[in-house]
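A short worksheet on the structure shown next.
The values are calculated or read from the model by the stated rules, or taken from the named source; none is laboratory data. Only a predicted model underlies this, so the values are computations on that prediction, with no experimental measurement involved. Side chains are part of the model used for accessible areas, which takes the heavy atoms of the whole protein and leaves out ligands, DNA and RNA. Shrake-Rupley method; radii C 1.70, N 1.55, O 1.52, S 1.80 Å.
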Amino acid sequence: MKGYLLGPKNLTQNEILLLEEGKKVFDEFLYVPITSLTLDDGKVLFNGKDLSDFDFVLPRIPRTYVYFGYCVLSLLENEVYLPIKPQSLFLSHHKFLTLLATKDITKIPKTFLSNSDDILKKRLKKLEFPIVFKLIYGSLGKGVMFADSEESARSLIDMLKRFQEPIFMEEYIENPGEDLRVVVIGNEIFAMKRIAKAGERRANIAISGKGKKVELNEEEKELALKLAEKLGMKICGLDFIQKDGELYLIEANVNVHFLGITQATKVNIAAKMINFLKEEVKTRKSFLERLMKWLKEIKEIRF
Ligand SMILES: Nc1ncnc2c1ncn2[C@@H]1O[C@H](COP(=O)(O)OP(=O)(O)O)[C@@H](O)[C@H]1O
Ligand SMILES: [Mg+2]
């Protein structure tokens, strides 16, 4: 079985662990930086070599390559096994789109997206504080800001207007500095509660949040699986905030960082992802073999 990890130019520890685990299991497992691909007359080329005879691709495409990545995955979609759909790149990397795509199956915070600072400032009058501002493509907690008063919200709006992009404002879901990180791998679910450090509202591990393994109940598991399916991802990370016993989806991660959850659950998440890929590729291969046999039989009957 041959595959490759399609990732950022500079590998993170997450990609390094996936490569280590993949090399134990697959006959060939390459690292392909997305920056080194060329799309040539419908073919995906890496150093001039056509990558179409691989069995699978594990994409970890950074948000700066979403459009290019979408083109690559669209070309590969029917050729190799992919654990995500091409459109998952848009749905996951764009925080507003994620909520828009999932609002019928999960609770989400109220959202406000506008190009007009004046309209948002007027809207503030009818809102309760704190309120959350987010960079649409932020990650690792860097890009999430909280305003505790109308005055601080107004100055944040003025600052965000300078980015010349729609400003994204979100209802604050009251919680004790905690969120829930859920990792979905096929039908398996791993979860941890993340607790923000003192004086911090963002619970991300990258800004010193602490992870603690938790078990989801059946309803919560079902919700996570439904969300992963809706977003077209068999492998993903979902962030929720729990309030009054209900889960509010905050964001989805197509390139889930899993070092924190590996530590909290003591499960080798990288190995779980790799084994899941192996099983999926096996199933796809045997399906394709049966299909080819069947097509051959039909041809023989006809002639
Ligand atoms: N609407 C919200 N209400 C309360 N806390 C929030 C809200 N949105 C985000 N947070 C806090 O900020 C953290 C980072 O937000 P998130 O949307 O997941 O962005 P990132 O991609 O940077 O992780 C969350 O894990 C949570 O602790
Ligand atoms: Mg997050």
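The table that follows gives values for the structure above.
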| item | result |
| --- | --- |
| Helix 13-25 vs. the chain, principal-axis angle (Cα, 0 to 90°, nearest 10) | 20 |
| Semi-axis lengths (Å, descending) of the ellipsoid that matches the C-alpha gyration tensor of the chain | 38, 22, 19 |
| Cα pair count fraction exceeding 20 Å, expressed as % - the range 161-254 | 40 |
| Per residue accessible area of the range 98-193, 1.4 Å probe, in Å² | 52 |
| Estimated D of the range 81-121 in µm² per second, where Rh is the Kirkwood radius over Cα pairs and Stokes-Einstein applies at 37 °C, 0.692 mPa s | 270 |
| Portion, in percent, of the accessible area of the chain that falls on carbon or sulfur, probe 1.4 Å | 51 |
| Mean shadow area of the range 110-171 over all directions, Cα convex hull, nm² | 3.8 |
| Candidate lysines - alpha carbon under 23 Å from LYS266, same-chain residues fewer than 8 apart omitted | LYS23, LYS24, LYS193, LYS197, LYS210, LYS212, LYS213, LYS221, LYS234, LYS278 |
| For the chain, calculated [θ]222 nm from helices alone, where every DSSP H run of n ≥ 4 adds -39500 (n - 2.57) | -11500 deg cm²/dmol |
